[in-house]
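Asker: Structure in structure tokens, see below.
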Amino acid sequence: MSRPELVAPPEIYYGDSEAKKYTSNSRNQQIQSQMTHRALELLNLPPDQPAFLLDIGCGSGLSGEILDEEGYEWVGVDIAPSMLEVALEREVEGDLFLQDIGQGFGFRPGVFDGAISISVIQWLLNAESSHPTSSPPHRLTRFFTTLHSALRSPSRAVLQFYPSSDDQIELITSIAQKAGFGGGVVVDYPNSKKARKVFLCLFVGGGGGAQSRELPKGLDGEGIEEGEAAARFEKRRERERKRDKSGKRKAVKGGKDWILKKKELYRQRGKEDVPRDSKFTGRKRRITF
Amino acid sequence: MVRLITHNLLACHAKGCTTNNFPLVFKDVQLEIRESEMNPEFLRNFYPKLEWDALVKTAEQLGDTSLPKTQPPIESVDEEFLKALHHVLLEIHVEEGAMTCPNCEHRYGIVSGIPNMLLAEHEVA
């Protein structure tokens, strides 16, 4: 898997062309939407109240669009101006901020009913300069403490990210705990290389909803069912490959079915001298020496 | 797309700026009114979270005086009032301009509706 966070800082990596590419890629769209839905599920918001959410690293608004669809009011922050520009073009409904989450938020305490973040906080794990405030632990601490105070009690924050090692997960969860969060890591499809997704599920206070502090279970199995997991054209490709392999739908060239079909076709077209069908049609010849 | 609802949540987050850092003051603003659908339930939910004085003060600065000076209790709120509140909170968009912190005077510029909340290295707490 490629790791863009190792290439350049986010505001530079997601320049104009990369921002457009990222947003128009149908596979990205699909994966982002799935993860956003899953994050909302983990957020466990009370169903009858219109919530006010924070989208951390909202980018071009792929996740925000889903928040719009689901009827939430939201505020998005991102560090890449090009991505925010795309979000403006796409006319998402939330308010957007150009902000470095490693510098912390300036929101008043307790205003948000929840926070989601899709594929973002791995970007906090790289130091951009040697200045003390740009070390990953310092930035993570600043991020989690200000996030914690911006959230209402009880509520939840669900942060999906791509850790490159278990050490990173440990670093992030320990800092989140120090900032006052409860909860932990939920792993979906832990046995699948492709579908595996890590969600940091953080609780403020009781964790929101009528449920206890118990951590939700990760989804199991080898991955999401075919078709749901795949992008738009992957489904068709898959279907075609299946058909070829099983050979049931399409007659194998040279087989009896294929010969009969061809002969029928020739007759319909009025070709002369089409051999008549018999029990010997398409039969294998005896091996002769 | 800075609406007053988000402005009402924002305090200055520069280093050492912990008192008198709310609300940020709008400067040289260009406004745009964009109508949107009202969600009374959401407004009622959000009502207790508002900093009323800051909201009224800012709305006045932007030329809207439809809100009363003191926050009416939520039980006495009627449809008419919610409409006015909805307009102030969600339909007034600040497109260009800046917000400045009343304490440290840090200037957060607003370009095409997006405020720049980035801090310089020495301002990071």
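Asker: Mean residue ellipticity at 222 nm from the helices of chain B, using -39,500 (n - 2.57) per DSSP H segment of n ≥ 4 over the full residue count, to the nearest 500 deg cm²/dmol?
Answerer: When only DSSP H runs of four or more count, the value is -6000 deg cm²/dmol.
Asker: Same structure again: Within region A:1-37, which GluC sites (Glu not before Pro) sit in a loop by DSSP and count at most 14 neighbouring Cβ atoms inside 10 Å?
Answerer: Loop-located and lightly packed - none at all.
Asker: A follow-up question, please. Treating the angle as unsigned and between 0 and 90°, give the value, to the nearest 10°, between the Cα long axis of helix B:52-61 and the longest Cα principal axis of chain B.
Answerer: The two axes meet at around 80 degrees.
Asker: Right, next: Once the dipole of the protein assembly as shown is set up with Lys and Arg at +1 and Asp and Glu at -1 on Cβ about the Cα centre, which of B:106, A:61, A:34 lies farthest towards its positive end?
Answerer: Positive-most Cα among the choices belongs to A:34.
Asker: List the residues whose amide H sits under 5 Å from the amide H of residue A:107, counting only those 5 or more places along or on another chain, with H placed 1.01 Å from N in the peptide plane.
Answerer: Correct list: B:11.
Asker: Taking 0.36 nm per intervening residue step and subtracting the Cα-Cα distance, what contour gain separates residue B:125 from residue B:33 on full extension?
Answerer: Length difference between fully extended and current span is 29.5 nm.
Asker: Say each of residue A:49 and residue A:21 gets a label point 7 Å from the Cα, pointing the same way as Cα to Cβ; how far apart are those two points in nm?
Answerer: Once both label points are built, they end up 4.3 nm from each other.
Asker: Please list, in order, the residues from region A:174-192 whose amide nitrogen is less than 16 Å from a point placed 7 Å along the Cα→Cβ vector of residue B:18.
Answerer: So the set is empty, nothing qualifies.
Asker: With no solvent and one point on each alpha carbon, what is the Debye value of log10 I(q)/I(0) for region A:11-148 at q = 0.13, 0.14, 0.17, 0.18 Å⁻¹?
Answerer: Values, matching the q order: -0.56, -0.65, -0.95, -1.06.
Asker: Continuing with the same structure: Count neighbours as other Cβ atoms within 10 Å of each site's Cβ, and list the trypsin sites (Lys or Arg not before Pro) in region B:43-99 that are DSSP loop with at most 13 such neighbours.
Answerer: Taking region B:43-99 and a limit of 13 other Cβ atoms within 10 Å, the loop trypsin sites (Lys or Arg not before Pro) found are B:69.
Asker: About its Cα centre, what dipole magnitude does the protein assembly as shown give when the only charges are +1 on Lys and Arg Cβ and -1 on Asp and Glu Cβ, stated in debye to the nearest 20?
Answerer: 4580
Asker: Quick check on chain A: helices-only [θ] at 222 nm, where DSSP H runs of length 4 and up contribute -39,500 (n - 2.57) each and the sum goes over total residues. Nearest 500, please.
Answerer: -11000 deg cm²/dmol
Asker: Also: Regarding chain B, what is the average projected area of its C-alpha convex hull, in nm²?
Answerer: Mean projected area for chain B: 7.9 nm², to one decimal.
Asker: Could you state the number of Å between the C-alpha centres of region B:95-125 and region A:1-60?
Answerer: 25
Asker: Each residue of region A:78-85 in order: what ³J(HN,Hα) in whole Hz does its phi give by Karplus 6.51 cos²θ - 1.76 cosθ + 1.60, θ = phi - 60°, with x for Gly and Pro?
Answerer: 7, 9, 9, x, 5, 5, 5, 4
Asker: R0 = 60 Å: FRET efficiency of residue A:279 with residue A:220, Cβ-based, nearest 0.05?
Answerer: Result of the calculation: an efficiency of 0.65.
Asker: In addition: Got a sec? How would B:55, B:4 order by Cβ neighbour count within 10 Å, fewest to most?
Answerer: Ranking B:55, B:4 by Cβ neighbours within 10 Å, fewest first, gives B:55, B:4.
Asker: So who's got an amide H within less than 5 Å of the one on residue A:92, skipping anything under 5 residues away but keeping other chains? H placed 1.01 Å off N, in plane.
Answerer: Hits under the 5 Å cutoff: none.
Asker: Taking chain A as a Gaussian network, where each spring joins two C-alpha atoms under 10 Å apart, which residue of A:48, A:100, A:68 fluctuates the most?
Answerer: Maximum fluctuation in the GNM of chain A, among the listed residues, is at A:48.
Asker: Continuing with the same structure: Please report, in debye to the nearest 20, how large the charge dipole of chain B is about its Cα centre when each Lys and Arg carries +1 at its beta carbon and each Asp and Glu carries -1 there.
Answerer: Magnitude of the dipole: close to 380 debye.
Asker: Using the eigenvalues of the Cα gyration tensor, what equivalent ellipsoid semi-axes result for the protein assembly as shown when each is taken as the square root of five times the eigenvalue, whole Å, largest first?
Answerer: Working from the Cα gyration tensor, I get semi-axes of 54, 26, 21 Å.
Asker: Only counting other Cβ atoms within 10 Å, I'd like B:18, B:70 sorted with the fewest neighbours first.
Answerer: Final ranking by Cβ density, sparse to dense: B:70, B:18.
Asker: Turning to a different aspect of this structure: Mind listing the long-range amide H neighbours of residue A:58? Cut-off is under 5 Å, sequence gap 5 or more, other chains count too, H placed in the peptide plane at 1.01 Å from N.
Answerer: It is A:77, A:78, by chain and number.
Read-outs: derived from the displayed coordinates by stated rules, not from any lab. Remember, it's a predicted structure, so these values are computed and weren't measured experimentally. Neighbour counts run over all protein chains shown; Cβ positions are idealised from the backbone, glycine included.
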